[in-house]
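Inspection log for the structure reproduced underneath, given as structure tokens.
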Amino acid sequence: MKSKTTETDVPVVVDEVSDEEAAAFDLDPHLINLMLHEPFFSHILRKFNKRKAEISTAGIGVVDQNPTLFWNPKFLASLKSIQVRGLMKHECYHWIYKHVTSRKKDPHILWNWGTDLAINGLIREKELPEGGLMPGKPLDLSKVTDPKALEKWKKVSDLIASLPKGMASEWYFGKLQEDQEVSEAIQGQGEGIEVMIDDHGEWDEMSDEDRQIVEGKIRQAVTEAVKRCDSSGEWGSVPSSVRDDLRKMVSSTIPWSSLLKNFCGRSQRLNKRRTMKRINRKYPYIHSGIRRGHSANIAVYMDQSGSVGSDSIELLFAELNNLGKKINFTLFPFDTEVDEKNSVEWRRGQSIPPVRHRYGGTSFNAVAKHARDNSGKFDGYIVLTDGECSSPGPSRLRRAWVIVPGRSLAFDPPKGDIVIKMER
């Protein structure tokens, strides 16, 4: 595939922009503006190609397996600087959430509306060109003159105005399909209605090989952007919920599988249960057999002292969501004492948003004592921390230390302890 583009069809009047003004339009100042205000999106766009194109507005596509931003200088010259910035953020979100590299859903017009509703809800309204879809905001029906069409579009507008922000594209897609009249109106379009819609049709023609290569490049760019922003603490306008999603997307800091294998080892509990699916060797087909399984019971202590920043708390929760895909465990916040009141029984497959409960000093002795007092419940424990405290001494239970980025354990770990340093 040599080149594929997907156009952002934004009905904005650009006739007021002369050919001379369009020819003089320079994208570079807007990219610098993006770098100053939106470092996350700026880093992503720096990794991709940017080309002028004879399309009505702007769009994203692929040229020789490279993600590319296409833009019409006459259209961008008609926008305010803040709207150019919002448009670039909009296109970056399409890349991040794989809306244009995943296979399109049918009806594809409804899917396009669903993706734009999901994305635009993450961007401030003043940053979007006029006509952009926004959950919770009615459509502009001022140019719909036909009474029957107006009645039909009024239903669509009322639905859009009733939708909350912050939902996934699939959720909006489903809502748009629930009412047949709404669905048919959107698929018909036209009739004086003007909305900002991305056409993703050509992307579905990508080969699987091209799709994997493009997604790999996008993932690498997002990974680097997340690490840079976490390191600097500067994320721009990216909502905290989106930051958490991004960390989950790119998180591979802690090799949980190998850690659990080495950490739990033979201390895993042996579980037995009877099942007719197993043949009883002594009494075949008379009594049920026994299925044996191994499961680890682990305590995780999260350092929430004042020295551990909120960004580190968010990063640790993202890693715990990864751990939660593999096992059940119990999470205890701590500072100078272990907070049993706010402990969490984390079930496999469960996802929990980052929550801070404490802001005091740090005591590893309190953690060691709590683990020792509950040694009959747990096979071992993990301490998530910045490492800034004195040694609690050796532990009879297996113990692992997970140290947040940029910090180190303030003492030599006792023999048998495992230490893992997270990286940005």
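Since every read-out is calculated from the coordinates, none of them should be taken as a lab result. Because the structure is a prediction, the values reported are computed rather than measured. Here the Cβ positions follow ideal geometry from the backbone for every residue, glycine too, while neighbour counts run over all protein chains shown.
Things worth noting here:
- For Lys165, Lys377, order by how many other beta-carbon atoms lie within 10 Å, fewest first: Lys377, Lys165
- Other residues whose C-beta falls under 15 angstrom from the C-beta of Asn342 contribute a net charge of -3, scoring Lys and Arg +1 and Asp and Glu -1.
- The residue among Tyr93, Asn120, Phe48 whose Cα reaches farthest toward the positive pole of the charge dipole of region 48-151, with charges on the beta-carbon of Lys, Arg, Asp and Glu, is Phe48.
- Looking at region 27-91, none of the chymotrypsin sites (Phe, Trp or Tyr not before Pro) sits in a DSSP loop with at most 16 other Cβ atoms within 10 Å of its own Cβ.
- Note that region 40-55 has calculated 3J(HN,Hα) couplings of 5, 5, 4, 5, 5, 5, 5, 7, 10, 6, 9, 9, 5, 8, 8, 10 Hz, one per residue in order, obtained from phi through the Karplus relation 6.51 cos²θ - 1.76 cosθ + 1.60 (θ = phi - 60°); glycine and proline are x.
- Reachable aspartates and glutamates, given that their alpha-carbon falls under 15 Å from the alpha-carbon of Lys50 and they are not under 8 places away in the same chain: Glu7, Asp26, Asp28, Asp64, Glu91
- Ranking of Tyr97, Tyr381 by neighbouring Cβ atoms within 10 Å, starting from the fewest: Tyr97, Tyr381.
- The GluC sites (Glu not before Pro) of region 18-119 meeting both criteria, a DSSP state outside H, G, I, E and B (loop) and at most 14 other C-beta atoms within 10 angstrom of the site's C-beta, are Glu54.
- Pairs spanning more than 21 Å between alpha-carbon atoms, out of Lys52/Lys89; Lys143/Lys175; Lys326/Lys415; Lys165/Lys326; Lys341/Lys377: Lys143/Lys175; Lys326/Lys415; Lys165/Lys326.
- Amide H contacts under 5 Å for Trp346: Phe329, Thr330, Leu331, restricted to partners 5 or more places along the chain or on a different chain, H placed in the peptide plane at 1.01 Å from N.
- Fewest-first sequence of Tyr93, Tyr172 by Cβ atoms within 10 Å of each Cβ: Tyr93, Tyr172
- Residues in region 132-145 carry Karplus couplings, in order, of x, 5, 9, x, x, 10, x, 6, 7, 9, 5, 9, 8, 9 Hz; the curve used is 6.51 cos²θ - 1.76 cosθ + 1.60 with θ = phi - 60°, and Gly or Pro positions show x.
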